[in-house]
Amino acid sequence: MKKFFMGIFVMFMVFSCSFKKSVFILDNPTDTAVNVKIDGKEYSLGAGEYEKMNLKPGKHTLTDSQGKEYSFIVYADSKGGIINPTRSDYIYVSMAYAVEGAGNSFRPMGKDIIVDGLKYEGPFGTANDLIIDKNLKNWKYDIHTPFPDTIYTSDRNSKGNIFTKIFTQKEFLDFAESMGVQGTPADKDEVKKEPEKPSVQEYKVPPFKNPDVKKYAEEMVALDKSYATAVNAGEQKKIMSEYKKTWKKYVQASMDDNSDLELLGELSFNNLGRGVLVTE
């Protein structure tokens, strides 16, 4: 089976940077029209249609085409994402861009995926969340936006980078065909696997020996819980500010006493760092 070649040579040139605002894309990749509501406003999307929108930080509502209503929080530092009322499958593809001769230094990571019963080998990932959070996956190129042939940078020392794009399933299959890649029949057990979903960690503070490390860890867990219900942008920013301060104290305390170094990686959070959270 031919695998994806995830490398493109890049021309590096100096230019002034400009930044676009993050947006949410309300998408309907299916062959059937859908009607949804966001914050009470109706949106009618035909087959394959989409609409871009800006959503302010705070609490919002979404009513899908079946009449089921969801609540979700958009955070002040949200990078946007894809609103997926049809719960369709989306696919991430990572690609290495490098100057000539440096391609081997950049190797995209990912997993093989199954699409329509066929297995594709490469640096991929999948998701079918109601709202696919760009903060969690941090893709550079949205759906309906192709990978560029060339990337320009103002960093004269850069030799390359790895960028990710998110595809609808149809876009991915068209992309695979354009690359001359065909999938191979997948095993029955592989076909049954569900798309990846953000993991929800149990709130558990590791058994730190240093009382200061433990105290700061508990404070960060409490902040993480508070972040899940923070609907005001000012409150969200305040929690993130407190988290950053506490994180520095946590790291410093662990450096002062090496007894807990092996446990530091066991502390994880569910909400801090998200751009959007469906609360239902």
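Could you grab me the full set of residues in the stretch 29-42 that are open to solvent by 30 Å² or more (accessible area, probe 1.4 Å), closer than 14 Å to Ile83 by Cα and among the β-branched types (Val, Ile, Thr)? Passing the criteria: only Thr30.
As a summary of the residue check, Lys188 satisfies the conditions (1) at pLDDT below 80; (2) open to solvent by less than 60 Å² (accessible area, probe 1.4 Å) except for the one numbered (2).
Put simply, of Leu55, Leu45, Leu62, Leu26 the only residue that is more than 25 Å from Asn271 (Cβ to Cβ), at pLDDT 90 or above and either out of contact with any Ser or Thr (no Cβ under 9 Å at 6 or more places or on another chain) or surrounded by 11 or more Cβ atoms within 10 Å (Cβ to Cβ) (or both) is Leu45. Pairs linking a residue in the stretch 194-212 that is modelled with pLDDT of 60 or more to a residue that is basic (Lys, Arg) and open to solvent by less than 100 Å² (accessible area, probe 1.4 Å), with Cβ atoms under 8 Å and 6 or more positions apart or on different chains, are Val205/Lys214; Phe208/Lys214. The residues in the stretch 66-85 that are of a type outside the set (A, V, I, L, M, F, W, C) and crowded, with 17+ Cβ neighbours inside 10 Å can be counted, and the count is 7.
The values are calculated or read from the model by the stated rules, or taken from the named source; none is laboratory data. The shown structure was predicted, so the numbers you read here are calculated from the model rather than taken from an experiment. Quick reminder, even Gly has a Cβ in these numbers, built from the backbone with ideal geometry, and neighbours come from all protein chains shown. Accessible surface is based on the protein model in full, side chains and every heavy atom, while ligands, DNA and RNA are left aside. Shrake-Rupley method; radii C 1.70, N 1.55, O 1.52, S 1.80 Å.
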